[in-house]
1. Report, in cubic angstrom per residue, the convex hull volume of the C-alpha atoms of the range 96-212.
2. Less than 15 Å Cβ to Cβ from residue 239, Lys/Arg counted +1 and Asp/Glu -1: what total charge do the surrounding residues give?
3. At 0.36 nm per residue, minus the direct Cα-Cα distance, what do residue 316 and residue 100 gain on full extension? Give it in nm, one decimal, please.
4. What FRET efficiency, computed as 1/(1 + (r/R0)^6) with R0 = 25 Å and r the Cβ-Cβ distance, is obtained for residue 436 and residue 461, rounded to the nearest 0.05?
5. Counting DSSP beta bridges with both partners in the range 85-341, what percentage is antiparallel, nearest 5?
6. When N is the residue count of the range 349-474, what does its C-alpha Rg come to as a fraction of 2.2 N^0.38 Å?
7. Given the peptides 132-143, 46-57, arrange them by the average over their residues of other C-beta atoms within 10 Å, most packed first.
8. In µm²/s, what is D for the range 411-474 at 10 °C and 1.306 mPa s, where D = kT/(6 pi eta Rh) by Stokes-Einstein and Rh is the Kirkwood radius from Cα pairs?
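What follows is calculated from the coordinates using simple rules that are stated; it is not laboratory data. Keep in mind it's a predicted model, so treat the numbers as computed, not measured. Every residue, glycine among them, receives a Cβ derived from its backbone with ideal geometry; neighbour counts consider all protein chains shown.
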Amino acid sequence: MKTYDKLIFELSRPGRKGYELPADQYATDGLAAIPADMLRKEPLDLPEVSEGDVVRHYTNLSNKNFGVDTGFYPLGSCTMKYNPKINEEVAAMAEFANVHPLQDPESVQGALEVYYNLQQALAALAGFAEFTLNPYAGAHGELTGLMVMRQYHISRGDTKRTKVIVPDSAHGTNPASAMVAGLEVVEVKSRPNGSIDLEDLKPLLDDTVAGIMMTNPNTLGMFETEIVEIAKLVHEAGGLLYYDGANLNPLLGKVRPGDMGFDIMHINLHKTFSTPHGGGGPGSGPVGVAAHLVDFLPNPRVKKGEDGKFYVEFGDKSLGSVSTFFGNFGVMLKAYAYILSLGKENIKNVGPMATLNANYIKESLKDDYLLPIQGVCKHEFVFDGLKDKSTGVTTLNVAKRLLDYGFHAPTIYFPLLFHESMMIEPTETESLETLDEFIDVMHKVAKEARENPQAVIDAPLTTPVRHLDETGAALHPILTYKALKANA
Ligand SMILES: Cc1ncc(COP(=O)(O)O)c(C=O)c1O
């Protein structure tokens, strides 16, 4: 450990500097402005390095990173589509980047117009009356949407409705958001094909149900064909339908959740609308609602007056505020640039192309990987590990071996419905050549698993960090450099 620590990490040398600022101009004046009792007593323990060391350190670190700009990233449920660079240029424009949320609305009419237009565009694409752009992420959108749901029932004096039905295949954030919103989670079973079991649902629908959370296509990438019937049953029981829009991509421009009977939804702009996410950037989880729920949306809201001017409104019946000011404006600009770049006609190709790509991979690999759910999927699908499990090669091993071949691993061990889940989502932005390369490598790994399983079990062999002791890391996490030094 000591040698590794010394060789790889410790770049600091006492007295080494990047810049020295003129003492008279900065240090003296600056320090003089700080009251004596607030001055730091001990110098800060910072690395002492040259500018060259810093540049090399961060450049090397960035080269070790894997992202959509470096390779194929088929992480199921995450919609890792390419992030067009024009989006970044738009978001970086001084006219947008330098506005402050406390500015007089008169002075930021352009920014408010973009904000308002995005609200309108999302409402039109998803089939809802209005959208708030305030939430910072998908899970935050879920929480906001469930708070709207609760507020709606409370406003009608229907305070008994405290239960939210969540399918057993749901993304983990769904039950978590319901709990944070102060609601009780009731699980509804899925059928073997991942769709909701109506016979299991019906007895759950009573006057304590606030609503149901669903995603369509579901977590297995299959379209919920009985959605209209489900909506009817839930509405008849007095509940509302919440749509988890993380899986909106295959429907974009084709089918609208609002038309399926949903009352509330969130959209992950950082998935469907091409803005970076994961380690690559902040997110945004706008929430859309049907007309009868508009008043409960969080404050502040951006409106357009009859005079054509944009203004900020704080509604009386609103559930309050869920974010500082208006949410992640930079992310919204990127999403809006994406919508305008595609335009009304091209946006209709997103869903079908994402669906085609997923089905192409699924059909090409099902001789080597176990496909528990047959039929046409939407944007993603799930394999239950290798078809031939006799050599003991697991989904985790396959995922690690893919890294050796330059591909990001799919989502693994989710959904929990299968023991060896491997969830693959290619998105529409990948070319046929990339899909073919991935398919070839997946076949190659399956062949290795049969003929030389140890090579797969020992993977990754070519990445900067090799096969990790995951149990050790979980049991004895070393999360800071200081802790590493202390441990060495
Ligand atoms: C189906 C589903 N719902 C909700 C979320 C939560 O979104 P976020 O990560 O933006 O909070 C995700 C994220 O992966 C998801 O896949």
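1. 155 Å³
2. Local net charge: 0.
3. Result for the pair: 75.3 nm of gain on full extension.
4. Details: r = 24 Å, r/R0 = 0.96.
For residue 436 and residue 461, the calculated efficiency is 0.55.
5. Looking only at bridges with both residues in the range 85-341, the antiparallel portion is about 40 percent.
6. Working: Rg = 14.5 Å, N = 126, 2.2 N^0.38 = 13.8 Å.
This ratio for the range 349-474 stands at 1.05.
7. Values: 132-143: 25.3, 46-57: 12.7.
Order by mean packing, descending: 132-143, 46-57.
8. Stokes-Einstein gives a translational diffusion coefficient of 111 µm²/s.
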